[in-house]
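Q: One structure is given below, represented as C-alpha coordinates, and several questions about it will come after.
The values are calculated or read from the model by the stated rules, or taken from the named source; none is laboratory data. As the structure is a prediction and not an experimental result, all values here were calculated from the model. Positions of Cβ are backbone-derived with ideal geometry, glycine not excepted, and every protein chain shown enters the neighbour counts. The area values use the complete protein model at the heavy-atom level, side chains included, leaving out ligands, DNA and RNA. Shrake-Rupley method; radii C 1.70, N 1.55, O 1.52, S 1.80 Å.
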Amino acid sequence: MRGKYKLPNHYIHPKYCDLWSFGNESVQLNGHIENAPYQGFGRYVCQLQRVTLKFCKWGIGSKGTRDYIETELVDYCRTNPGVVVYLKPRRHKAPVMVCEYLNGSYHWMALHGMSSEHIKLWVDFHTKRSGEPIRKFVKDVRTAWPSIQGAWNPFLNTPSEINVTPLPNEERGKHIPLKISATEQLLRMQAEGKLQNILFGNDE
Amino acid sequence: MAVSKVIVRTLNTALHTNPKIVESSNLKNFFNKVNTTIDATSRDRHFAVVYMYSKQKLVTEGDMFYLYKDVPANLGDKIKLEKIMLVGNDKLTLVGRPLLDRDLVHVEATVIEKTHSHTFMGLLARKRSHCFRRYYFQRHPLTILRINEIRICHNLNTAHTVIH
(Lines give C-alpha, C1' and ligand atoms only; values in the text may rest on other atoms or scores of the structure.)
Protein backbone atom coordinates (compact mmCIF):
# COMPACT_ATOMS: atom_id res chain seq x y z
CA MET A 1 0.00 0.00 0.00
CA ARG A 2 1.27 3.45 -0.87
CA GLY A 3 1.62 6.01 1.91
CA LYS A 4 0.41 5.77 5.48
CA TYR A 5 -2.86 3.96 6.12
CA LYS A 6 -5.41 6.46 7.42
CA LEU A 7 -7.97 5.24 9.93
CA PRO A 8 -11.61 5.91 9.01
CA ASN A 9 -13.29 8.79 10.77
CA HIS A 10 -15.77 6.58 12.60
CA TYR A 11 -12.99 4.47 14.08
CA ILE A 12 -13.36 3.98 17.83
CA HIS A 13 -10.29 3.17 19.86
CA PRO A 14 -10.61 -0.19 21.69
CA LYS A 15 -10.13 1.68 24.98
CA TYR A 16 -13.51 3.36 24.43
CA CYS A 17 -15.34 0.48 22.74
CA ASP A 18 -17.08 -0.90 25.81
CA LEU A 19 -18.25 2.46 27.18
CA TRP A 20 -22.03 2.89 27.37
CA SER A 21 -22.11 6.61 26.81
CA PHE A 22 -19.68 7.06 23.99
CA GLY A 23 -20.10 7.57 20.27
CA ASN A 24 -23.26 8.10 18.30
CA GLU A 25 -26.50 8.60 20.26
CA SER A 26 -28.14 5.59 18.67
CA VAL A 27 -25.36 3.34 19.99
CA GLN A 28 -25.52 4.55 23.57
CA LEU A 29 -27.36 2.87 26.43
CA ASN A 30 -30.95 4.07 26.64
CA GLY A 31 -33.75 3.55 29.12
CA HIS A 32 -35.83 5.19 31.78
CA ILE A 33 -34.78 7.24 34.79
CA GLU A 34 -33.66 4.91 37.55
CA ASN A 35 -32.84 5.57 41.15
CA ALA A 36 -33.26 3.98 44.55
CA PRO A 37 -37.03 3.45 45.05
CA TYR A 38 -37.07 5.17 48.45
CA GLN A 39 -34.99 8.14 47.32
CA GLY A 40 -36.68 11.50 47.73
CA PHE A 41 -39.61 10.38 49.87
CA GLY A 42 -37.98 10.69 53.26
CA ARG A 43 -34.39 11.35 54.26
CA TYR A 44 -31.87 11.71 51.44
CA VAL A 45 -29.53 8.68 51.34
CA CYS A 46 -26.12 9.17 49.71
CA GLN A 47 -25.70 6.31 47.25
CA LEU A 48 -21.90 6.51 47.22
CA GLN A 49 -20.56 4.18 49.91
CA ARG A 50 -16.85 3.68 49.32
CA VAL A 51 -14.03 5.58 47.61
CA THR A 52 -10.64 3.93 47.10
CA LEU A 53 -7.75 6.20 46.12
CA LYS A 54 -4.75 4.28 44.82
CA PHE A 55 -1.64 6.38 44.34
CA CYS A 56 2.14 6.38 44.31
CA LYS A 57 4.13 8.25 46.99
CA TRP A 58 6.94 9.09 44.58
CA GLY A 59 5.64 9.43 41.02
CA ILE A 60 4.93 12.82 39.45
CA GLY A 61 1.64 11.56 37.94
CA SER A 62 0.27 11.15 41.45
CA LYS A 63 1.25 14.69 42.50
CA GLY A 64 -2.32 16.01 42.27
CA THR A 65 -3.71 13.02 44.16
CA ARG A 66 -1.21 13.52 46.96
CA ASP A 67 -2.10 17.23 47.12
CA TYR A 68 -5.78 16.34 47.27
CA ILE A 69 -5.19 13.91 50.14
CA GLU A 70 -3.19 16.51 52.04
CA THR A 71 -5.48 19.47 51.58
CA GLU A 72 -9.06 18.47 50.68
CA LEU A 73 -9.70 14.93 51.85
CA VAL A 74 -10.27 15.62 55.56
CA ASP A 75 -12.87 18.29 54.74
CA TYR A 76 -14.60 15.92 52.35
CA CYS A 77 -14.78 13.17 55.01
CA ARG A 78 -16.20 15.64 57.54
CA THR A 79 -18.95 16.81 55.19
CA ASN A 80 -19.77 13.28 54.01
CA PRO A 81 -19.64 10.99 57.06
CA GLY A 82 -21.51 8.24 55.19
CA VAL A 83 -18.69 7.68 52.70
CA VAL A 84 -15.73 5.45 53.57
CA VAL A 85 -12.44 6.54 52.00
CA TYR A 86 -9.59 4.05 51.60
CA LEU A 87 -6.06 5.19 50.74
CA LYS A 88 -3.89 2.59 49.05
CA PRO A 89 -0.32 3.65 48.31
CA ARG A 90 1.48 1.48 45.80
CA ARG A 91 4.88 1.90 44.27
CA HIS A 92 5.41 3.15 40.71
CA LYS A 93 1.85 2.88 39.51
CA ALA A 94 -0.59 5.40 38.05
CA PRO A 95 -3.16 6.88 40.46
CA VAL A 96 -6.69 5.49 40.30
CA MET A 97 -10.03 6.17 41.97
CA VAL A 98 -12.70 3.49 42.43
CA CYS A 99 -16.17 4.59 43.61
CA GLU A 100 -18.55 1.91 44.88
CA TYR A 101 -22.26 2.50 45.17
CA LEU A 102 -25.09 1.17 47.30
CA ASN A 103 -26.69 -0.69 44.40
CA GLY A 104 -23.49 -2.72 43.84
CA SER A 105 -22.08 -0.92 40.83
CA TYR A 106 -18.66 0.68 40.81
CA HIS A 107 -16.83 3.26 38.74
CA TRP A 108 -13.12 3.06 37.97
CA MET A 109 -11.37 6.27 37.05
CA ALA A 110 -7.78 7.17 36.18
CA LEU A 111 -6.34 10.23 37.95
CA HIS A 112 -2.95 10.38 36.23
CA GLY A 113 -1.66 13.92 35.94
CA MET A 114 -4.79 15.51 37.42
CA SER A 115 -4.55 18.51 39.71
CA SER A 116 -6.10 18.45 43.18
CA GLU A 117 -8.92 20.84 42.15
CA HIS A 118 -9.76 18.60 39.25
CA ILE A 119 -9.87 15.52 41.48
CA LYS A 120 -12.06 17.37 43.97
CA LEU A 121 -14.58 18.12 41.21
CA TRP A 122 -14.72 14.46 40.18
CA VAL A 123 -15.07 13.15 43.74
CA ASP A 124 -17.94 15.59 44.38
CA PHE A 125 -19.51 14.57 41.10
CA HIS A 126 -19.50 10.90 42.10
CA THR A 127 -20.89 11.76 45.54
CA LYS A 128 -23.98 13.32 43.94
CA ARG A 129 -24.66 10.39 41.65
CA SER A 130 -26.73 7.27 42.14
CA GLY A 131 -24.94 4.15 40.95
CA GLU A 132 -26.99 3.80 37.77
CA PRO A 133 -25.09 4.06 34.48
CA ILE A 134 -25.51 7.27 32.52
CA ARG A 135 -28.03 6.65 29.77
CA LYS A 136 -30.11 8.40 27.16
CA PHE A 137 -33.61 8.87 28.59
CA VAL A 138 -36.43 7.70 26.35
CA LYS A 139 -39.07 9.54 28.43
CA ASP A 140 -38.71 12.76 30.36
CA VAL A 141 -40.97 11.60 33.22
CA ARG A 142 -40.95 8.23 34.92
CA THR A 143 -44.36 7.57 36.42
CA ALA A 144 -46.44 4.73 37.81
CA TRP A 145 -49.69 6.59 36.90
CA PRO A 146 -49.61 7.29 33.16
CA SER A 147 -53.21 8.55 33.11
CA ILE A 148 -55.47 9.77 35.88
CA GLN A 149 -58.54 10.93 33.97
CA GLY A 150 -58.40 7.83 31.75
CA ALA A 151 -57.04 7.42 28.25
CA TRP A 152 -58.94 9.18 25.47
CA ASN A 153 -60.92 7.07 23.03
CA PRO A 154 -63.00 8.12 20.00
CA PHE A 155 -66.29 7.25 21.74
CA LEU A 156 -65.59 9.38 24.80
CA ASN A 157 -68.21 12.13 24.40
CA THR A 158 -70.63 10.41 22.02
CA PRO A 159 -74.34 10.51 23.03
CA SER A 160 -75.51 7.53 25.03
CA GLU A 161 -78.48 6.92 22.68
CA ILE A 162 -76.16 4.84 20.49
CA ASN A 163 -76.11 2.14 23.15
CA VAL A 164 -79.85 1.59 22.61
CA THR A 165 -80.34 2.18 18.86
CA PRO A 166 -80.13 -0.86 16.58
CA LEU A 167 -77.40 -0.71 13.96
CA PRO A 168 -77.07 -0.06 11.05
CA ASN A 169 -78.88 3.18 11.69
CA GLU A 170 -79.66 5.42 8.72
CA GLU A 171 -79.23 8.68 10.55
CA ARG A 172 -75.86 7.74 12.06
CA GLY A 173 -74.57 6.00 8.95
CA LYS A 174 -75.54 8.79 6.57
CA HIS A 175 -72.76 10.33 4.50
CA ILE A 176 -72.02 13.87 5.66
CA PRO A 177 -70.22 15.79 2.90
CA LEU A 178 -67.57 18.33 3.84
CA LYS A 179 -69.04 21.02 1.57
CA ILE A 180 -72.74 21.66 0.91
CA SER A 181 -73.67 20.73 -2.64
CA ALA A 182 -75.28 23.30 -4.99
CA THR A 183 -78.60 21.41 -5.01
CA GLU A 184 -78.67 21.41 -1.25
CA GLN A 185 -77.92 25.14 -1.17
CA LEU A 186 -80.77 25.89 -3.59
CA LEU A 187 -83.19 23.73 -1.63
CA ARG A 188 -82.29 25.55 1.58
CA MET A 189 -82.74 28.94 -0.09
CA GLN A 190 -86.14 27.88 -1.31
CA ALA A 191 -87.12 26.78 2.14
CA GLU A 192 -86.14 30.21 3.47
CA GLY A 193 -88.05 31.97 0.68
CA LYS A 194 -85.06 33.70 -0.91
CA LEU A 195 -85.17 31.78 -4.14
CA GLN A 196 -88.24 33.44 -5.52
CA ASN A 197 -86.67 36.85 -5.37
CA ILE A 198 -83.63 35.72 -7.35
CA LEU A 199 -85.62 34.06 -10.11
CA PHE A 200 -88.53 36.42 -10.59
CA GLY A 201 -87.39 39.59 -8.87
CA ASN A 202 -89.26 41.62 -6.33
CA ASP A 203 -92.69 42.84 -7.40
CA GLU A 204 -92.29 46.13 -5.67
CA MET B 1 -101.16 43.13 52.39
CA ALA B 2 -102.46 42.96 48.89
CA VAL B 3 -100.22 45.79 47.79
CA SER B 4 -97.09 44.20 49.26
CA LYS B 5 -97.87 40.87 47.59
CA VAL B 6 -98.11 42.58 44.23
CA ILE B 7 -94.77 44.32 44.75
CA VAL B 8 -93.03 41.05 45.65
CA ARG B 9 -94.47 39.33 42.61
CA THR B 10 -93.20 42.07 40.28
CA LEU B 11 -89.73 41.94 41.87
CA ASN B 12 -89.55 38.20 41.37
CA THR B 13 -90.45 38.49 37.72
CA ALA B 14 -87.82 41.20 37.30
CA LEU B 15 -85.13 38.97 38.84
CA HIS B 16 -85.87 36.12 36.49
CA THR B 17 -85.98 38.24 33.36
CA ASN B 18 -82.97 40.48 34.04
CA PRO B 19 -80.09 38.86 32.07
CA LYS B 20 -77.33 40.28 34.29
CA ILE B 21 -78.83 38.79 37.44
CA VAL B 22 -79.42 35.46 35.71
CA GLU B 23 -75.78 35.41 34.54
CA SER B 24 -74.43 36.17 37.99
CA SER B 25 -76.58 33.52 39.63
CA ASN B 26 -75.44 30.97 37.05
CA LEU B 27 -71.81 31.87 37.72
CA LYS B 28 -72.37 31.57 41.45
CA ASN B 29 -73.89 28.13 41.02
CA PHE B 30 -71.00 27.08 38.78
CA PHE B 31 -68.33 28.19 41.23
CA ASN B 32 -70.21 26.55 44.10
CA LYS B 33 -70.19 23.30 42.14
CA VAL B 34 -66.44 23.61 41.44
CA ASN B 35 -65.69 24.39 45.07
CA THR B 36 -67.69 21.41 46.30
CA THR B 37 -65.74 19.13 43.92
CA ILE B 38 -62.45 20.64 45.13
CA ASP B 39 -63.47 19.88 48.71
CA ALA B 40 -64.66 16.38 47.87
CA THR B 41 -61.52 15.42 45.90
CA SER B 42 -58.93 17.07 48.15
CA ARG B 43 -57.49 13.66 49.11
CA ASP B 44 -57.46 12.29 45.54
CA ARG B 45 -54.43 11.90 43.31
CA HIS B 46 -53.70 15.10 41.41
CA PHE B 47 -51.64 15.75 38.33
CA ALA B 48 -50.04 18.99 37.21
CA VAL B 49 -48.23 20.46 34.25
CA VAL B 50 -45.16 22.20 35.63
CA TYR B 51 -43.06 24.66 33.68
CA MET B 52 -39.33 24.53 34.41
CA TYR B 53 -36.52 26.03 32.33
CA SER B 54 -38.78 26.43 29.25
CA LYS B 55 -39.95 22.82 29.40
CA GLN B 56 -43.39 21.53 30.35
CA LYS B 57 -43.73 18.26 32.23
CA LEU B 58 -46.91 16.41 33.18
CA VAL B 59 -46.28 14.95 36.62
CA THR B 60 -48.14 13.24 39.44
CA GLU B 61 -47.19 12.41 42.98
CA GLY B 62 -44.14 10.18 43.36
CA ASP B 63 -42.66 10.32 39.88
CA MET B 64 -39.21 11.36 38.71
CA PHE B 65 -38.25 13.71 35.92
CA TYR B 66 -35.01 15.20 34.65
CA LEU B 67 -33.79 18.64 33.62
CA TYR B 68 -30.72 19.41 31.52
CA LYS B 69 -29.70 22.05 34.05
CA ASP B 70 -27.68 22.30 37.22
CA VAL B 71 -30.51 23.37 39.52
CA PRO B 72 -29.13 25.67 42.25
CA ALA B 73 -30.31 23.48 45.15
CA ASN B 74 -28.46 20.90 47.17
CA LEU B 75 -29.23 17.20 47.14
CA GLY B 76 -32.19 16.29 49.31
CA ASP B 77 -33.55 19.84 49.29
CA LYS B 78 -37.29 20.25 48.92
CA ILE B 79 -38.28 22.95 46.45
CA LYS B 80 -41.70 24.41 45.68
CA LEU B 81 -42.49 24.60 41.97
CA GLU B 82 -44.41 27.82 41.40
CA LYS B 83 -44.96 27.88 37.65
CA ILE B 84 -47.94 25.54 37.31
CA MET B 85 -49.85 25.59 34.03
CA LEU B 86 -52.54 23.05 34.82
CA VAL B 87 -53.73 20.99 37.76
CA GLY B 88 -56.38 18.31 37.87
CA ASN B 89 -57.68 15.05 39.21
CA ASP B 90 -60.28 12.49 38.19
CA LYS B 91 -63.19 14.90 38.64
CA LEU B 92 -61.97 18.35 37.63
CA THR B 93 -59.25 20.26 35.78
CA LEU B 94 -58.04 23.80 36.43
CA VAL B 95 -56.28 25.43 33.49
CA GLY B 96 -54.11 28.51 33.90
CA ARG B 97 -53.90 31.40 31.45
CA PRO B 98 -51.01 30.54 31.07
CA LEU B 99 -50.08 30.04 34.73
CA LEU B 100 -52.22 29.33 37.76
CA ASP B 101 -52.06 31.49 40.85
CA ARG B 102 -49.05 30.36 42.87
CA ASP B 103 -51.01 30.28 46.13
CA LEU B 104 -53.69 28.08 44.60
CA VAL B 105 -51.52 25.04 43.88
CA HIS B 106 -48.79 23.52 46.03
CA VAL B 107 -46.30 21.35 44.15
CA GLU B 108 -43.30 20.12 46.09
CA ALA B 109 -40.25 18.35 44.65
CA THR B 110 -36.99 16.92 45.99
CA VAL B 111 -33.60 17.00 44.29
CA ILE B 112 -32.41 13.38 44.28
CA GLU B 113 -29.55 13.25 41.80
CA LYS B 114 -27.10 15.49 39.97
CA THR B 115 -25.12 14.02 37.13
CA HIS B 116 -24.37 14.79 33.53
CA SER B 117 -26.30 13.65 30.51
CA HIS B 118 -25.32 11.13 27.86
CA THR B 119 -22.98 12.29 25.10
CA PHE B 120 -24.50 14.48 22.41
CA MET B 121 -22.68 14.15 19.13
CA GLY B 122 -22.51 16.91 16.56
CA LEU B 123 -21.08 16.41 13.10
CA LEU B 124 -19.71 19.14 10.88
CA ALA B 125 -18.92 18.05 7.31
CA ARG B 126 -18.58 19.62 3.92
CA LYS B 127 -20.62 18.40 1.01
CA ARG B 128 -18.83 16.27 -1.62
CA SER B 129 -15.67 16.31 0.48
CA HIS B 130 -14.00 13.40 2.21
CA CYS B 131 -11.29 15.27 4.03
CA PHE B 132 -13.30 17.72 6.14
CA ARG B 133 -15.28 16.00 8.86
CA ARG B 134 -15.29 17.20 12.49
CA TYR B 135 -17.05 15.62 15.44
CA TYR B 136 -18.16 17.61 18.48
CA PHE B 137 -19.05 15.80 21.69
CA GLN B 138 -20.83 17.48 24.56
CA ARG B 139 -22.43 16.53 27.86
CA HIS B 140 -24.79 18.75 29.80
CA PRO B 141 -25.40 18.93 33.55
CA LEU B 142 -28.49 17.00 34.56
CA THR B 143 -30.71 17.10 37.64
CA ILE B 144 -33.32 14.51 38.60
CA LEU B 145 -36.26 15.60 40.74
CA ARG B 146 -38.96 13.64 42.52
CA ILE B 147 -42.45 15.04 43.07
CA ASN B 148 -43.56 14.73 46.70
CA GLU B 149 -46.89 16.50 46.82
CA ILE B 150 -49.49 18.08 44.55
CA ARG B 151 -52.36 19.81 46.30
CA ILE B 152 -55.01 22.47 45.60
CA CYS B 153 -54.73 24.82 48.55
CA HIS B 154 -58.02 26.72 48.64
CA ASN B 155 -61.37 27.11 46.91
CA LEU B 156 -61.88 29.36 43.91
CA ASN B 157 -63.17 32.92 44.34
CA THR B 158 -62.51 32.94 48.05
CA ALA B 159 -60.39 35.30 50.06
CA HIS B 160 -57.01 33.78 50.92
CA THR B 161 -53.89 34.93 52.68
CA VAL B 162 -50.58 35.13 50.84
CA ILE B 163 -48.07 32.59 52.14
CA HIS B 164 -44.78 34.27 53.02
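Q: For the stretch A:1-37, run through the chymotrypsin sites (Phe, Trp or Tyr not before Pro) and keep only the ones in DSSP coil with at most 15 other Cβ atoms within 10 Å of their Cβ.
A: A:5, A:11, A:20
Q: A further question on this structure: On the protein heavy atoms, probe 1.4 angstrom, tell me the percent of accessible surface of the stretch B:44-164 carried by carbon and sulfur.
A: Working: 3380 of 6790 Å².
Carbon and sulfur atoms account for 50 percent of the accessible area of the stretch B:44-164.
Q: So, one more: Summarise the partner chain shielding of A:40-47 as one whole number: the mean count of Cβ atoms from other chains within 10 Å of each residue's Cβ.
A: Rounded to a whole number, the mean comes out at 5.
Q: Now for a separate question. Accessible area per residue, 1.4 Å probe, Å², for chain A: what's the number?
A: Details: 15600 Å² over 204 residues.
With the other protein chains kept in place, chain A gives 76 Å² per residue.
Q: Hey, with R₀ at 30 Å, roughly what FRET efficiency would residue A:190 and residue A:167 work out to, going by the Cβ-Cβ distance, to 0.05? Walk me through the numbers before you get to the answer.
A: On the way: r = 34 Å, r/R0 = 1.12.
Once the sixth-power term is evaluated, E becomes 0.35.
Q: What is the dipole size for chain A, taken about its Cα centre, with +1 at each Lys and Arg Cβ and -1 at each Asp and Glu Cβ, in debye to the nearest 20? Don't skip to the answer; put the middle values down first.
A: On the way: 27 positive and 19 negative charges, 441 e Å.
Here chain A has a charge dipole of around 2120 debye.
Q: Another one. Measuring with a 1.4 Å probe in the full set of protein chains, what accessible area per residue, in whole Å², belongs to the stretch B:44-164? Please list the in-between numbers first.
A: Working: 6790 Å² over 121 residues.
Accessible area per residue, the stretch B:44-164: 56 Å².
Q: A follow-up question, please. Could you name every residue in the stretch A:137-160 that has 20 Å² or more less accessible surface in the full protein assembly than in its own chain alone (probe 1.4 Å, ligands and nucleic acids excluded)?
A: For the stretch A:137-160, once contacts with the other chains are taken into account, A:137, A:140, A:141, A:142, A:143, A:145, A:148, A:149 lose 20 Å² or more.
Q: What FRET efficiency would be calculated for the residue pair residue B:155, residue B:21, taking the C-beta separation as r and a Förster radius of 25 Å, to the nearest 0.05?
A: Details: r = 23 Å, r/R0 = 0.93.
For R0 = 25 Å, the calculated efficiency reads 0.60.
Q: Also, I was wondering about something else. Suppose each label sits 7 Å from its Cα in the direction of the beta carbon; what would the residue B:37-residue A:4 distance come out to in nanometres?
A: 7.3 nm
Q: Starting from the Cα of residue A:118, step 7 Å along the direction of its Cβ; do the same at residue A:152; then give the gap between the two resulting points in nm.
A: 5.3 nm
Q: Using Cα centres only, tell me the gap between the stretch A:70-126 and the stretch B:44-85 in whole Å.
A: 32 Å
Q: Loop-only chymotrypsin sites (Phe, Trp or Tyr not before Pro) in the stretch A:112-204, please: DSSP not H, G, I, E or B, and at most 14 other Cβ atoms within 10 Å.
A: Details: sites: A:122, A:125, A:137, A:152, A:155, A:200; in loops: A:152, A:155.
Passing sites in the stretch A:112-204 are A:152, A:155.
Q: To the nearest 20 Debye, how big is the dipole of the stretch A:1-121 about its Cα centre, given +1 on the beta carbon of each Lys and Arg and -1 on that of each Asp and Glu? Please list the in-between numbers first.
A: Numbers: 16 positive and 9 negative charges, 154 e Å.
Result for the stretch A:1-121 is approximately 740 debye, rounded to the nearest 20.
Q: Also, I was wondering about something else. Can you give the accessible area buried between chains B and A, summed over both chains, with a 1.4 Å probe, in Å² to the nearest 100?
A: Numbers: alone 12090 and 17160 Å², together 26180 Å².
For chain B against chain A, roughly 3100 Å² becomes buried.
Q: Also, quick follow-up: Within a Cβ distance under 14 Å of residue B:54, other residues only, what is the Lys/Arg minus Asp/Glu net charge?
A: Numbers: positive: B:55, B:57, B:69, B:83; negative: A:140.
Around residue B:54, the surrounding residues sum to +3.
Q: Remind me, relative contact order of chain A in percent, using alpha carbon pairs under 8 angstrom and six or more residues apart? Intermediate results must be reported in sequence, preceding the final value.
A: Working: 209 pairs, mean separation 46.8, N = 204.
Worked out over chain A, it gives 23 percent.
Q: For the stretch B:55-119, run through the trypsin sites (Lys or Arg not before Pro) and keep only the ones in DSSP coil with at most 12 other Cβ atoms within 10 Å of their Cβ.
A: Numbers: sites: B:55, B:57, B:69, B:78, B:80, B:83, B:91, B:102, B:114; in loops: B:69, B:83, B:91, B:102.
Sites meeting the loop and neighbour criteria: B:91.
Q: Students often forget the sequence filter, so: which lysines lie under 21 Å Cα-Cα from residue B:83 once same-chain residues fewer than 8 apart are removed?
A: B:55, B:57, B:69
Q: Rounded, prolate or oblate: which fits the stretch A:14-137, taking a ≥ b ≥ c as square roots of the Cα gyration tensor eigenvalues, rounded meaning a/c under 1.5, else prolate when a/b beats b/c? Walk me through the numbers before you get to the answer.
A: Numbers: a/c = 2.49, a/b = 1.29, b/c = 1.92.
Verdict is oblate for the stretch A:14-137.
Q: Something else about it: Given DSSP loops and a limit of at most 11 other Cβ atoms within 10 Å, what is the longest stretch of chain B that contains no such chymotrypsin sites (Phe, Trp or Tyr not before Pro)?
A: Details: sites that count: B:53, B:132.
Between the exposed loop sites, the longest stretch runs B:54-131.
Q: Hey, another quick one. Can you pull the percent of the stretch A:3-77's accessible area that's carbon plus sulfur, 1.4 Å probe, other chains left in place?
A: Details: 2850 of 4870 Å².
Here it works out to 59 percent.
Q: Calculate the FRET efficiency for residue A:103 and residue B:30 from the Cβ-Cβ distance with a Förster distance of 51 Å, rounded to the nearest 0.05. Mind showing how you got there, number by number?
A: Values: r = 52 Å, r/R0 = 1.01.
The computed FRET efficiency comes out at 0.50.
Q: Now for a different question. Placing +1 at every Lys and Arg Cβ and -1 at every Asp and Glu Cβ, with all other atoms neutral, what dipole size does the stretch B:44-164 have around its Cα centre, in debye to the nearest 20? Working shown, then result.
A: On the way: 19 positive and 12 negative charges, 239 e Å.
With only Lys, Arg, Asp and Glu charged at Cβ, the dipole is about 1140 debye.
Q: Here's another thing I want to ask about it. Could you give me D for the stretch B:85-164, from Stokes-Einstein at 37 °C and 0.692 mPa s, where the hydrodynamic radius is the Kirkwood radius over C-alpha pairs? Units µm² s⁻¹, please.
A: Numbers: Rh = 17.4 Å.
Here the translational diffusion coefficient equals 189 µm²/s.
Q: If you build the Cα gyration tensor of the protein assembly as shown and take the root of 5 times each eigenvalue, what three semi-axes come out, in whole angstrom, biggest first? It would help to have the intermediate numbers written out before the result.
A: Details: eigenvalues 847, 243, 66 Å².
Whole-Å semi-axes of the equivalent ellipsoid: 65, 35, 18.
Q: Cα to Cα, under 24 Å, and not fewer than 8 places away if on the same chain: which lysines meet these conditions relative to residue B:33?
A: Filter leaves B:20, B:91.
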